[in-house]
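Peer 1: Shown below is the structure under consideration.
The values are calculated or read from the model by the stated rules, or taken from the named source; none is laboratory data. Keep in mind that this is a model prediction, so the values were computed, not measured. Glycine also receives a Cβ, built like all others from the backbone with ideal geometry; neighbour counts cover every protein chain displayed.
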Amino acid sequence: IGAIVMNCNPFTLGHRYLIEQSSRKVDYLYIFVVEEDKSYFPFEDRIKLVKEGTAGIPNVVVVPSGTLIISSVTFPGYFLKDSPDCVSVDTSLDVDIFARFIASPLNITKRFVGEEPLDMVTRSYNESMKEILPRYG
């Protein structure tokens with residue numbers, strides 16, 4: 001079972017490609033769409049676009065991220081990307097919560113990510129995942 005956490009602001013062909021490639025590597029793939037409404041596109045529009053964009057992929061389920069995955073509670077720095085304060089964001093709390101309270105109960109053993117080389121916050125988050133997630137299997 002795999003998972004992808006996506007903001008999809010908006011949903012793009014790159015997002016679709018990542019989902020298609022990831023879905024081929026697992027039996028079941030959760031797409032958690034960031035529910036926090038702090039993006040240019042409102043959450044309701046983003047999740048609708050993701051559901052429509054993945055409708056033909058049978059082993060994919062699209063769900064809201066809730067308050068425990070990339071939210072103002074678990075990862076406030078994610079929403080400060082355009083601020084100088086984002087340079088030292090702590091991503092470990094969000095990753096740890098995902099591993100302990102999301103991945104473990106849902107038997108998620110793979111987390112897929114895209115590449116955003118110009119986004120320092122996403123790069124830091126991806127590095128935290130490489131360090132923390134293996135501890136939880």
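Peer 1: Any idea how many residues of region 13-27 are surrounded by 14 or more Cβ atoms within 10 Å (Cβ to Cβ) and either part of a strand (DSSP E or B) or of a type in the set (Ser, Thr, Tyr) (or both)?
Peer 2: 2
Peer 1: Determine which single condition Lys25 fails, assuming it passes every other condition in (1) within 21 Å of Ser104 (Cβ to Cβ); (2) within 14 Å of the chain's Cα centre (by Cα).
Peer 2: (2)
Peer 1: Here is a further query. As an exercise: evaluate Asp94 against (1) within 26 Å of Arg135 (Cβ to Cβ); (2) surrounded by fewer than 19 Cβ atoms within 10 Å (Cβ to Cβ) and give the number of the one condition it does not meet.
Peer 2: Result: Asp94 passes all but (2).
Peer 1: Which pairs turn up if I take residues in region 93-115 that are under 20 Å from Gly77 (Cβ atoms) and look for partners that are of a type in the set (Lys, Arg) and modelled with pLDDT under 95 with beta carbon separation below 8 Å, at least 6 apart in sequence or on another chain?
Peer 2: Ala99/Arg135
Peer 1: Look through region 28-69, keep the residues that are among the polar types (S, T, N, Q), surrounded by fewer than 19 Cβ atoms within 10 Å (Cβ to Cβ) and within 20 Å of Ile102 (Cβ to Cβ), and return whichever of them is modelled with the lowest pLDDT. Don't jump to the end; show me each part of the working.
Peer 2: Taking region 28-69 as the starting set, the residues that turn out to be among the polar types (S, T, N, Q) are 39, 54, 59, 65, 67.
Within this subset, residues satisfying the condition of being surrounded by fewer than 19 Cβ atoms within 10 Å (Cβ to Cβ) are 39, 59, 67.
Retained after the next criterion (residues that are within 20 Å of Ile102 (Cβ to Cβ)): 59, 67.
On the way: Asn59: 98, Thr67: 87.
Only one residue tops the list, namely Thr67.
Peer 1: Within region 28-52, can you find the residues that are out of contact with any strand residue (DSSP E or B) (no Cβ under 8 Å at 6 or more places or on another chain) and part of a helix (DSSP H, G or I)?
Peer 2: If the condition is that a residue be out of contact with any strand residue (DSSP E or B) (no Cβ under 8 Å at 6 or more places or on another chain) and part of a helix (DSSP H, G or I), then Glu44, Asp45, Lys48, Leu49, Glu52 are the ones that fit.
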